[in-house]
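Peer 1: One structure, pasted below without further comment.
The values are calculated or read from the model by the stated rules, or taken from the named source; none is laboratory data. The structure presented is a predicted model; accordingly, all values stated were derived computationally and were not measured. Reconstructed Cβ throughout: ideal geometry from the backbone, glycine too, with neighbour counts over all protein chains shown. Note: accessible area is taken over every heavy atom of the protein model, side chains too, but ligands, DNA and RNA are not part of it. Shrake-Rupley method; radii C 1.70, N 1.55, O 1.52, S 1.80 Å.
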Amino acid sequence: MPGLPPFELSAGRYFYAGSANGPGGIRARVRRHLGAHKQLHWHIDYLSAVYRATMVVALAGAGECAVVEAVRHLPGVGVPVPGFGSSDCRACPAHL
């Protein structure tokens with residue numbers, strides 16, 4: 001995966017926060033990430049090409065960093081891959 005050292009994920013549930021500011025908004029972004037055939041560009045593309053999403057939650061107006069910060073404080077939540085999905089973010093340890 002570009003920009004990250006190789007890693008393995010243990011079985012479990014993972015949360016990813018991303019934005020959808022491009023053309024088509026949230027509907028287009030989610031459809032792209034859930035699609036089986038896509039050009040691999042973002043970190044989440046590499047993960048979603050191998051694993052399937054079990055739930056998608058859209059929060060209108062919520063910034064991805066604010067969501068990550070709130071979720072990180074829940075019991076049992078950690079950062080499985082430092083830097084995953086947050087290569088353009090200086091505030092978060094990861095968006096996964």
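Peer 1: For the structure I just gave you, tell me whether Ala17 is among the small types (Gly, Ala, Ser), assigned to a loop (DSSP other than H, G, I, E, B) and open to solvent by 40 Å² or more (accessible area, probe 1.4 Å).
Peer 2: The answer is no for Ala17.
Peer 1: To continue, here is another question. Go through the stretch 1-31 residue by residue and tally those that are touching a Lys or Arg at 6+ places or on another chain (Cβ under 6 Å) and farther than 23 Å from Glu69 by Cα.
Peer 2: Selection size over the stretch 1-31: 0.
Peer 1: Output the number of residues of the stretch 20-53 satisfying the condition of being within 15 Å of Leu96 (Cβ to Cβ), of a type outside the set (Gly, Ala, Ser) and assigned to a loop (DSSP other than H, G, I, E, B).
Peer 2: Count: 3.
Peer 1: A further question follows. Restricting to the stretch 54-96, count the residues that are touching a helix residue (DSSP H, G or I) at 6+ places or on another chain (Cβ under 7 Å) and either open to solvent by less than 90 Å² (accessible area, probe 1.4 Å) or at positive phi (or both).
Peer 2: Looking only at that region, the number is 9.
Peer 1: So in the stretch 25-53, with the set limited to residues that are among the β-branched types (Val, Ile, Thr) and over 13 Å from the mean Cα position of the chain (by Cα), which one is most open to solvent (accessible area, probe 1.4 Å)?
Peer 2: Among residues in the stretch 25-53 that are among the β-branched types (Val, Ile, Thr) and over 13 Å from the mean Cα position of the chain (by Cα), the one most open to solvent (accessible area, probe 1.4 Å) is Val50.
Peer 1: Cβ-Cβ below 6 Å, separation at least six or inter-chain, first residue in the stretch 1-28 and under 14 Å from Leu47 (Cα atoms), second open to solvent by less than 70 Å² (accessible area, probe 1.4 Å) and not in a loop (DSSP other than H, G, I, E, B): which pairs?
Peer 2: Met1/Tyr46; Phe15/Val71; Tyr16/Ile44; Ala17/Glu64; Ala17/Val67; Ala17/Val68; Gly18/Glu64
Residue-by-condition table, conditions (1) closer than 21 Å to Pro2 by Cβ; (2) of a type in the set (Ser, Thr, Tyr); (3) at pLDDT 90 or above:
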{"residue": "Ala17", "(1), (2), (3)": "yes, no, yes"}
{"residue": "Gly25", "(1), (2), (3)": "no, no, no"}
{"residue": "Val30", "(1), (2), (3)": "no, no, no"}
{"residue": "Ala62", "(1), (2), (3)": "no, no, no"}
{"residue": "Pro75", "(1), (2), (3)": "no, no, yes"}
{"residue": "Val81", "(1), (2), (3)": "yes, no, yes"}
